[in-house]
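Following: one structure in structure tokens, then a few remarks.
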Amino acid sequence: MYYFIIYTFTLRNQVSNYFITMTTNVEIIQVCSKNLSVAYQEGGHPSKTAEFYTNWANQNEYDSQMIYRGPEIAAATTADYFSSSVRSEVRILDVAAGTGFVAQYLHDYGFKHVDALDPAEGMLEKARQKGGLYDNYMCCYLDNNKLPTLADTYDCAVTSGGMGEGHIPYDGLDQLIRVVKPGGLVIIVMREAYLEASQYKNLLEPHMADLEERGQWQLISRTIVPEYCFDMTGVLYIYKVTSGNTSSTLSTSSITCDIASLNMNDYVDSAGESNVDSAGESNGEFS
């Protein structure tokens, strides 16, 4: 098992050279820092975290106060692995989607099919109000329970800011492997300091390594991102899923070349019944 630590954030094809301009407004920075300290508090529970985010969204200030580079990094990384000629056919799961920051950047890069997953109803409602960001909205947690979507559905799952205390548990990553097609990508960008949080320390990266040793996925890169959030560093993981339930797989040598030939899975089970209702809401069972 090898981890590749890079101390600058670069893209193979340099599809994006711009980043969010971080505000210098001291008041906004202080408010954002305070809210983040509550959202990621030590020993936090996902249900309380979801409630907090819904309240934050309902104050109509989340978008102006959430100032960090994660969404753009996540989208730029995704775009770097799928050529512009095939992005309109790629199916992406945006985990901890919030109000749709990542999806907005993905659409700028030409991606058309993005689904949202977030346990905070208020966040998803704000994303819905923006119009056209997501094909489907799933209001549920990512944990060790089965997600309300079929296995091998997505070409890529991406999360920005979804990892931390009271957020996605370390073993929730197993579900991303289940819903991403063999050969597809799992992209995770998070604050590096959270690796030392009580819910992740000696758990998250060992679990990632265990999944690789069991042939579930393969590490492509582990990148240290400077100034990810204010002056704090982030860490960007890119994994390629190597196991799944279907015979339709992406080439392990060239995702960009092979993605266009795939038939995208529909949201129907073996009996032909939809797992997502006509309004784009999941009708699965949530914990």
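The values are calculated or read from the model by the stated rules, or taken from the named source; none is laboratory data. Nothing here was measured: the structure is a model prediction, and the numbers come from that model. Neighbour counts are summed over all protein chains in view; Cβ atoms, including those assigned to glycine, are modelled from backbone coordinates with ideal geometry.
The table that follows gives values for the structure above.
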read-out	value
Qualifying residue in region 145-159 (condition: at negative phi, assigned to a strand (DSSP E or B), modelled with pLDDT of 95 or more and aliphatic (A, V, I, L, M))	yes
Subset of region 160-215 [more than 27 Å from Val114 (Cβ to Cβ), hydrophobic (A, V, I, L, M, F, W, C) and either at pLDDT 95 or above or surrounded by fewer than 20 Cβ atoms within 10 Å (Cβ to Cβ) (or both)]	Ala193, Leu195, Leu203, Ala209
Tally, over region 154-195, of residues that are among the polar types (S, T, N, Q) and in contact with a Pro (Cβ under 9 Å, 6 or more places away or on another chain)	1
Condition check for Gly166: of a type outside the set (A, V, I, L, M), outside any loop (DSSP other than H, G, I, E, B) and in contact with a helix residue (DSSP H, G or I) (Cβ under 9 Å, 6 or more places away or on another chain)	no
For Val102: the one exception among (1) in contact (Cβ under 8 Å) with a residue 60 or more places away in the chain; (2) aliphatic (A, V, I, L, M); (3) in a helix (DSSP H, G or I); (4) under 19 Å from Leu176 (Cα atoms)	(1)
Qualifying positions in region 116-141 - among the aliphatic types (A, V, I, L, M), more than 11 Å from Asp94 (Cβ to Cβ) and part of a loop (DSSP other than H, G, I, E, B)	Ala120
Region 112-138 residues that are basic (Lys, Arg), paired with ones that are in a loop (DSSP other than H, G, I, E, B) and at pLDDT below 90 (beta carbon under 6 Å, 6 or more apart)	Lys126/Thr99
Residues (out of contact with any Leu (no Cβ under 9 Å at 6 or more places or on another chain) and either within 23 Å of Ala151 (Cβ to Cβ) or crowded, with 20+ Cβ neighbours inside 10 Å (or both)) located in region 217-244	Gln218, Leu219, Gly234, Leu236, Thr242, Ser243, Gly244
Whichever residue in region 74-132 is under 19 Å from Thr149 (Cβ atoms) and touching a Pro at 6+ places or on another chain (Cβ under 7 Å) and, among such residues, is surrounded by the fewest Cβ atoms within 10 Å (Cβ to Cβ)	Pro119
